[in-house]
1. Can you compute the charge dipole magnitude of the chain about its Cα centre, using +1 on each Lys and Arg Cβ and -1 on each Asp and Glu Cβ, nothing else charged? Give it in debye, rounded to the nearest 20.
2. Identify the trypsin sites (Lys or Arg not before Pro) of the range 28-103 meeting these criteria: DSSP loop state and at most 15 other C-beta atoms within 10 Å of the C-beta.
3. Hey, what's the chain come to in accessible area per residue, 1.4 Å probe, Å²?
4. Projecting each Cα onto the charge dipole of the chain (Lys/Arg +1, Asp/Glu -1 at the beta carbon, about the Cα centre), which of Leu39, Val89, Pro183 comes out farthest on the positive side?
5. Using the Cα centre of the range 99-190 as the reference point, and only Cβ charges (+1 on K/R, -1 on D/E), how large is the resulting charge dipole? Debye, rounded to the nearest 20.
6. Could you please state how large a percent of the accessible area of the chain is carbon and sulfur, counting protein chains only and using a 1.4 Å probe?
7. With a 1.4 Å probe and all protein chains kept in place, how do His239, His151, His93 rank by accessible area, largest first?
8. What is the calculated FRET efficiency for Ser142 to Met196, with r their C-beta to C-beta distance and R₀ = 22 Å, to the nearest 0.05?
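The values are calculated or read from the model by the stated rules, or taken from the named source; none is laboratory data. These numbers come from a predicted model, not from an experiment. So basically every Cβ, Gly included, is an ideal-geometry build from the backbone, and we count neighbours across all protein chains shown. SASA here: full protein model, heavy atoms, side chains in, ligands and nucleic acids out. Shrake-Rupley method; radii C 1.70, N 1.55, O 1.52, S 1.80 Å.
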Amino acid sequence: MMAISQDTVMAIKSYQNHAGLFVKSYLLADPFLPYTSVLVGIFFCKLVYDLTQYLSAYYFKNYASLTKIQQIEWNNRGISSVHAVFITVMSLHFVFLSDLFSDQRLAGFITFRSSPLSTFTLGVSVGYFIADLTMILWLYPSLGGLEYVLHHSLSGIAVAYSMFSGEGQLYTFMILISEITTPEINIRWYLDTGGMKRSIVYLINGVVIFFLWLVARIVLFGYVFDHIYLHYSQVVQMHIFGYLLVMVVPSVLAIMNLMWFGKILKGLKKQLAKRQ
């Protein structure tokens, strides 16, 4: 085995130090952090897409028989599922576990609080919304209709503003908790595409979606509106654009969630009736 010379070891250490300094001083520095995080989010989407494609082709024998557009949607849903898990975990952390937005622990308005980690997290999410919306528009309407375009556009704009301005990040994370329903919706599509629509797993998935949607997209939004009401004196101090986003985006999404919830309830009733 060839021994590594002392000069080589020193050169490697020097390179590592320079690389670490570059990342800390530029890529993760406050002025560049939002842009870096967005690029990380886009790269993350590409990586997950390719990984989903590779694993699906290897482990799911029905994948090869899907049409080209079905394979693209299959891979795309892999991206949204992984993003949903990531952003839900981080959002739950910031809203309920972190002291960053606590009324008791820190001084100052909660509407103006942020941290490098919270900004980076939102940036990754912005990268996802950019990548996913691009795919939806490119293949429109194969990956989703107008409601998906509206949902992603509103969400992307709100998250991007919160990331760049540092305003209203608490409410952004509250709304992003609702992404917890996304993996279950995707699993339902996978089961349907895989010919398992009549299976017990499909029925259980429908019940899970019903309860998760009720908690994360109906009850949670009630909590958001209540929190905004109780902290309105702080919300009104935000820039007018941020104020409008806090007031309008949750309202529009809440209406869309209620409409989708009606369809979920109708579909679940239909499924249960068939099994009686």
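1. For the chain, the charge dipole is close to 1140 debye.
2. Lys61
3. Heavy-atom accessible area per residue stands at 57 Å².
4. So the residue furthest toward the plus end is Pro183.
5. I would put it at about 80 debye.
6. Here carbon and sulfur together make up 69 percent of the probe-accessible area.
7. His239, His93, His151
8. Numbers: r = 22 Å, r/R0 = 1.00.
The formula returns an efficiency of 0.50 here.
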